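Report on the following structure.
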Amino acid sequence: MLYGRSRGLPAALAVLVATALSTAWFAPRLLVGENGIADPANRLPLVLVAPLVAAVAIGTGLHTPSDELDRSAARAWWRPRLLQLLGLTGLAAGSFALAVTGSPELYGSPAAIRNLLGCTGIVLLTAVVAGAGAGWLPAVLYTALAYLLYQDPGSGPVGWVVRPGPGAQAWTTAVVLYVTGAAAWLWRGARRGTRPA
């Protein structure tokens, strides 16, 4: 309980629940285009923004208020960190699986879950390198630039976040980002001296 409160997990959980509810509300409404015809490609902004918000919410709990105590503790801190990361990521992924229904071939729940994993990996890597307070910035910048510049399928792995759901190259990139970020954060924790606002 104290571990969760010291890392701001109640606020992160509240943001994840609000994100899940708003995603469930917007997903069916974004499916229908201006001409009244269903177009799953209209969901691209939803499967970009909702996972990004969830990843940033997960990132708010990456800081350590007592870094010196954590580093000198008799128990390794990777286990509680792993439970925290997997619990929050699992909750967000489960909510996207339920909220974003429809065509998985285009922008359905697989794309939302993939983007959650990739954006969370970017947030984790940034927290290790620059601190948890700056963890959100590269993920937001990358997602915005990918939406503006890399929607061409020929852009390769750099545009993984804007690809439709089942693409193997996009999934590989997102999973590698998540696993690398998780391993670095579990091993080192967030960089010292920075806490999210």
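The values are calculated or read from the model by the stated rules, or taken from the named source; none is laboratory data. All figures in this text were calculated on a predicted structure; none of them were measured in a lab. Because the Cβ atoms are built from the backbone with ideal geometry, glycine has one as well, and the counts that use them run over all protein chains shown.
Working only within region 107-142, note down all residues that are among the aliphatic types (A, V, I, L, M) and closer than 17 Å to R163 by Cβ.
Scanning region 107-142 gives A111, A112, I113, L116, L117, I122, A139.
Is it the case, given these coordinates, that G121 is at negative phi, surrounded by 24 or more Cβ atoms within 10 Å (Cβ to Cβ), touching a residue at least 24 places away in the same chain (Cβ under 8 Å) and not aliphatic (A, V, I, L, M)?
Spelling it out, G121 is indeed at negative phi, surrounded by 24 or more Cβ atoms within 10 Å (Cβ to Cβ), touching a residue at least 24 places away in the same chain (Cβ under 8 Å) and not aliphatic (A, V, I, L, M).
Can you find even one residue in region 111-127 that is touching a Gly at 6+ places or on another chain (Cβ under 6 Å) and polar (S, T, N, Q)?
So far as region 111-127 goes, yes, one or more of its residues are touching a Gly at 6+ places or on another chain (Cβ under 6 Å) and polar (S, T, N, Q).
Using the structure shown, decide if L141 is among the hydrophobic types (A, V, I, L, M, F, W, C), surrounded by fewer than 15 Cβ atoms within 10 Å (Cβ to Cβ), closer than 23 Å to S22 by Cβ and out of contact with any helix residue (DSSP H, G or I) (no Cβ under 7 Å at 6 or more places or on another chain).
yes
I'd like the residue in region 148-163 that is of a type outside the set (A, V, I, L, M) and out of contact with any helix residue (DSSP H, G or I) (no Cβ under 6 Å at 6 or more places or on another chain) and, out of all such residues, is surrounded by the most Cβ atoms within 10 Å (Cβ to Cβ).
That would be S155.
Of the conditions (1) surrounded by 19 or more Cβ atoms within 10 Å (Cβ to Cβ); (2) touching a residue at least 60 places away in the same chain (Cβ under 8 Å); (3) farther than 23 Å from W77 by Cα, L98 clears all except one; give me its number.
Exception for L98: condition (1).
For G189, are the conditions met, namely being buried (at least 19 other Cβ atoms within 10 Å of the Cβ), among the small types (G, A, S) and modelled with pLDDT of 85 or more?
Taking the combined requirement at face value, the residue does not satisfy it.
Can you tell me which of A139, A174, A170 is under 14 Å from the mean Cα position of the chain (by Cα), among the small types (G, A, S) and within 20 Å of P104 (Cβ to Cβ)?
Only one candidate qualifies: A174.
Among the helices (runs of 4 or more DSSP H) lying completely within region 42-153, list those that include at least 1 residues that are modelled with pLDDT of 90 or more and hydrophobic (A, V, I, L, M, F, W, C).
44-59, 78-99, 109-130, 136-149
Does A174 satisfy the condition of being crowded, with 20+ Cβ neighbours inside 10 Å and either outside any helix (DSSP H, G or I) or in contact with a Lys or Arg (Cβ under 9 Å, 6 or more places away or on another chain) (or both)?
yes
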